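In what follows, a structure is listed as structure tokens, so that the remarks can point back to it.
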Amino acid sequence: NAGVTQTPKFRILKIGQSMTLQCTQDMNHNYMYWYRQDPGMGLKLIYYSVGAGITDKGEVPNGYNVSRSTTEDFPLRLELAAPSQTSVYFCASSSPQVAYEQYFGPGTRLTVT
Amino acid sequence: GIQVEQSPPDLILQEGANSTLRCNFSDSVNNLQWFHQNPWGQLINLFYIPSGTKQNGRLSATTVATERYSLLYISSSQTTDSGVYFCAVERWSSNTGKLIFGQGTTLQVKP
């Protein structure tokens, strides 16, 4: 199993550009999450999904959108990128069958200039 | 919302020393997890421990849910233990795995 994979690893965006961060898991987990981690800080939840077709906001959803058309994929869309979105983005997945233990991808380091 | 506080914020140890990291939370929880973020940024799940005690090698964790705290013990520390340790909780009324993270404890183990 590859676990949770994320692409790209690094990206530099100009202000106002858009992009999609990809996340895929092969553990058949129902639950998936997007977090952002600012320097020296803990992680903050952006959006989460409890299954295909079902998504909901986390703590810091503004400026982001998500979709969940399959169990495996949970892309995060940034529209009109702003410098405040410079951060490291982590995708994670979990399952009630394994007590919601969260497994994380390697992260995407995004810089908006 | 629920508050998660970790202490100490920073810790420097000599290789072979033991340490205790603390996580306090402000409300009842049904989910508590400890994570290690290595110097390359990868997050690894160490324990799922909403209550009780667990051990995994040199690491162990105890959560006293009624008193709203959890402890992570690292014994005979090694340089590979360096990194940031996060505690994360889910409040009792939620059943979606939505975790609230603390700010972390940064551990440096010197050879």
| remark: In segment A:73-90, residues that are crowded, with 17+ Cβ neighbours inside 10 Å and of a type in the set (D, E, K, R) total 0
| task | Among what's in segment B:2-42 and is in a loop (DSSP other than H, G, I, E, B) and either touching a helix residue (DSSP H, G or I) at 6+ places or on another chain (Cβ under 6 Å) or of a type in the set (D, E) (or both), pick the residue that is farthest from the other protein chains (Cβ to nearest Cβ). | result | B:E15
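Can you work out which of the residues in segment B:67-95 that are within 14 Å of another protein chain (Cβ to nearest Cβ) and of a type in the set (G, A, S) is farthest from B:E5 (Cα to Cα)?
Out of the qualifying residues, it is B:S94.
Among the residues of segment B:101-111, how many are at negative phi and part of a loop (DSSP other than H, G, I, E, B)? Steps first, answer last, please.
Narrowing segment B:101-111 to residues at negative phi: B:101-103, B:105-111.
Those still in the list that are part of a loop (DSSP other than H, G, I, E, B) too: B:102-103, B:111.
Selection size over segment B:101-111: 3.
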| remark: Among the residues of segment B:101-111, the number that are within 14 Å of B:F35 (Cβ to Cβ) and away from chain A (no Cβ under 11 Å) is 1
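Any residue at all in segment A:97-106 that is buried (at least 21 other Cβ atoms within 10 Å of the Cβ) and modelled with pLDDT of 95 or more? Please lay out each step first, then the result.
Kept after step one, since they are buried (at least 21 other Cβ atoms within 10 Å of the Cβ), are these residues of segment A:97-106: A:100, A:102, A:104-105.
If we keep only those that are modelled with pLDDT of 95 or more too, we end up with A:104-105.
The answer is yes; a qualifying residue exists.
Determine whether A:S93 is among the small types (G, A, S), touching a Lys or Arg at 6+ places or on another chain (Cβ under 6 Å) and surrounded by 15 or more Cβ atoms within 10 Å (Cβ to Cβ).
On the way: among the small types (G, A, S): yes; touching a Lys or Arg at 6+ places or on another chain (Cβ under 6 Å): no; surrounded by 15 or more Cβ atoms within 10 Å (Cβ to Cβ): yes.
So A:S93 does not fit the description; no.
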| Considering segment A:104-113 alone, what residues qualify as being under 14 Å from A:Q85 (Cα atoms), assigned to a strand (DSSP E or B) and of a type outside the set (D, E, K, R)? | A:T108, A:L110, A:T111, A:V112
| field | Of the criteria (1) part of a loop (DSSP other than H, G, I, E, B); (2) touching a residue at least 40 places away in the same chain (Cβ under 8 Å); (3) within 13 Å of another protein chain (Cβ to nearest Cβ), which one B:K98 fails | value | (2)
| query | If only one of B:G41, B:G102, B:G1 is in contact with a Pro (Cβ under 8 Å, 6 or more places away or on another chain) and closer than 22 Å to A:A92 by Cβ, which one is it? | reply | B:G41
| query | For segment A:6-44, which residues satisfy the criterion of being surrounded by 13 or more Cβ atoms within 10 Å (Cβ to Cβ), over 30 Å from A:P96 (Cβ atoms) and not hydrophobic (A, V, I, L, M, F, W, C)? | reply | A:R11, A:Q17
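The values are calculated or read from the model by the stated rules, or taken from the named source; none is laboratory data. Here the structure is a predicted model, which is why all the values come from computation and not from measurement. Note: ideal-geometry Cβ built from the backbone for every residue, glycine included; neighbour counts use all protein chains shown.
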